[in-house]
Amino acid sequence: MIIRKGIFKGKGRKCPYPFFHTGDAMRHYYQEIDKYLKKAIQSVISLEKRGAKNGRVPITLSETLVVRELGKNGPKKIYEMIESLHLDRNTLVSITKNLQLEGYVEKGRSPDDKRSANLSLTSRGEELYRALQEREEELLNVLLEDFSINEEKTVLKFLVKLDLLRRGKLQDQDPAQAPHPNQEQSREADSF
C-alpha cells in the first residue's frame, strides 16, 4: 500500500502518519473516520447540486459562500471575490447571476474604479446572511456541545490539516514537522 510517494510501502515498515495504517498497527477509529468522511463528502456534493432549503428557495453551498463573504466583508470587486473564494471567473459569474435573480446580490460599478464591478448584498441578502449565521452557529453549538476543550482543539487541528492538504502544503511533509495550527495557520484557524 502506497500512502504518499515512497514514504510507506507494505506492512513491513511503520507508517509515519498515525492516521494511515495496515495490519496490526491499525488505529481503532480509522475505518469509522473514513466512513464518515465519505458520507460528509457525499452530503456536500448533494447539497451543492440540489441546494439547501432557505424558505422556499434552495441555495447551494457555493452561493452560501458568496453570501457569507459579502456579508462578513461588505461589498467587494469581482476579482477580490475570485481570489478570496478560490473560484474561477465563470463559476463566480454563474453563482452571482443566480443570487441576483433571487434578489440576494446586486452588481454595481466600483466607486474608485469605473472599469470594475462591485458585488454587494441587497437587504434581502443581508437577511439571508444573518439567517445563515444563526443557523451555522446553532449547528456548531449542537455539534460541539458535549466536546471538551481538548476535543474541540483536535477537531480544529484536523480541519486545519485538511486545509493544508488542500493547498498542497502538507504533501511530502512528515506530520510531526507540520506547522501547528497556531503557527502558520492562525489566520485560517480564526476563520473557522
Problem - Violating pairs (Cα-Cα greater than 27 angstrom) within the set Lys97/Lys161; Lys49/Lys72; Lys39/Lys72 - result: Lys97/Lys161; Lys39/Lys72
Problem - Förster radius 35 Å - calculated FRET efficiency between Glu134 and Lys114 (Cβ-Cβ, nearest 0.05) - result: 0.40
Handout entry: At q = 0.11 Å⁻¹, base-10 log of I(q)/I(0) for segment 56-125 (Debye sum, equal scatterers on each alpha carbon)
Key = -0.22
Problem - Gain in span if fully extended, Ile45 to Thr91, counting 0.36 nm per residue against the direct Cα distance - result: 15.0 nm
Practice task
Sort 94-100, 69-75 for me by packing, meaning the mean count of neighbouring Cβ atoms within 10 Å per residue, highest on top.
Solution key: 94-100, 69-75
Fill in the blank from the handout: Around Leu144 (Cβ within 9 Å, Cβ-to-Cβ, excluding Leu144; K/R +1, D/E -1) the net charge comes to -4
Completion exercise
Amide H neighbours of Thr122 at under 5 Å, excluding residues fewer than 5 places away on the same chain, with H built from the backbone geometry, are Val105, Glu106
Fill in the blank from the handout: Listed with the fewest Cβ neighbours within 10 Å leading, Val93, Val44, Val105 appear as Val44, Val93, Val105
Fill in the blank from the handout: GluC sites (Glu not before Pro) in segment 72-153 lying in a DSSP loop, each with at most 10 other Cβ atoms within 10 Å of its Cβ, come to Glu145
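Just so you know, all these numbers are worked out from the coordinates, no wet-lab data involved. In this text, all values refer to a predicted model and were calculated from it rather than measured experimentally. Cβ: placed from backbone, ideal geometry, glycine included. Neighbour counts: every protein chain shown.
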